[in-house]
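One structure below.
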Amino acid sequence: MAREDLRGRPCFLGLDLSSTRDLSSLVCVFPNDEEGYDVLPFFWVPQTNAAERTQRDKVDYLGWIRDGHIRVTDGNVTDYDVIRRDIVELSQKFNIRQLGVDRWNATQLLTQLEGDGFTVMEHQQGFKSMTGPAKFLEMLIVSGKLEHGANPVLDWMASN
């Protein structure tokens, strides 16, 4: 699946923000003609702690950054302005219908994205709210109806 093939297709976004010790993640989900989904993920990490995370987690964050699978933001805290800019740029390529966001630590960015014209739906992560979606995701994976272009970061996350 090439990014060019996704241009103009209906797209739904899921955003999970971090501040310092985790990756921020955005997943673009495109329904396809085979009753499945094409997925295009994006990840961000603060530049200052990327090397530390590599040692701590025993995961090649620096290699993923070098290969373009993770984007860095300046400093030791995730820069939400960079994420906002990237989302706005994606909206110029894809037909974004809705943006689902874990509301933890996201109030300002949500307000800004709504001001940018995005339809935002808040989604609190927890056992009650995640059980159904997790079962649906598992069904898609098992049935081979989820295509993510062999993204190594997403593979690693799913293995956890």
**Message:** What pairs come out if I take residues in segment 99-124 that are without any contact (Cβ under 8 Å) to a residue 60 or more places away in the chain and pair them with residues that are of a type in the set (Phe, Trp, Tyr) and in a strand (DSSP E or B) whose C-beta lies under 7 Å away, six or more apart or interchain?
**Reply:** none
**Message:** Can you find, within segment 22-35, the residue that is modelled with the highest pLDDT among those that are in a loop (DSSP other than H, G, I, E, B) and under 16 Å from residue 147 (Cβ atoms)?
**Reply:** 32
**Item:** Top-ranked residue of segment 36-65 - restricted to ones that are part of a helix (DSSP H, G or I) and among the acidic types (Asp, Glu), ranked as most open to solvent (accessible area, probe 1.4 Å)
**Value:** 52
**Prompt:** What number of residues within segment 66-96 satisfy the criterion of being without any contact (Cβ under 8 Å) to a residue 60 or more places away in the chain and over 19 Å from residue 153 (Cα atoms)?
**Reply:** 13
**Prompt:** Any idea which residue in segment 66-103 is nearest to residue 19 (Cα to Cα), counting only those that are under 15 Å from the mean Cα position of the chain (by Cα), among the hydrophobic types (A, V, I, L, M, F, W, C) and open to solvent by 40 Å² or more (accessible area, probe 1.4 Å)?
**Reply:** 72
**Message:** If I ask for residues that are small (Gly, Ala, Ser) and crowded, with 19+ Cβ neighbours inside 10 Å, which ones from segment 1-16 would you list?
**Reply:** 14
**Request:** Test residue 84 against the criterion of being touching a Phe, Trp or Tyr at 6+ places or on another chain (Cβ under 8 Å) and assigned to a helix (DSSP H, G or I), and give yes or no.
**Result:** no
**Request:** For residue 19, work out the one condition from (1) open to solvent by 10 Å² or more (accessible area, probe 1.4 Å); (2) touching a strand residue (DSSP E or B) at 6+ places or on another chain (Cβ under 6 Å); (3) assigned to a loop (DSSP other than H, G, I, E, B) it doesn't fulfil.
**Result:** (2)
**Message:** Tell me whether segment 126-144 contains one or more residues that are under 29 Å from residue 34 (Cα atoms), at pLDDT below 85, more than 17 Å from the chain's Cα centre (by Cα) and part of a loop (DSSP other than H, G, I, E, B).
**Reply:** yes
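The values are calculated or read from the model by the stated rules, or taken from the named source; none is laboratory data. Every value quoted in this text rests on a predicted model; they were computed, and no experiment measured them. Please note: Cβ atoms are built from the backbone with ideal geometry, for glycine as well, and neighbour counts cover all protein chains shown. The area values use the complete protein model at the heavy-atom level, side chains included, leaving out ligands, DNA and RNA. Shrake-Rupley method; radii C 1.70, N 1.55, O 1.52, S 1.80 Å.
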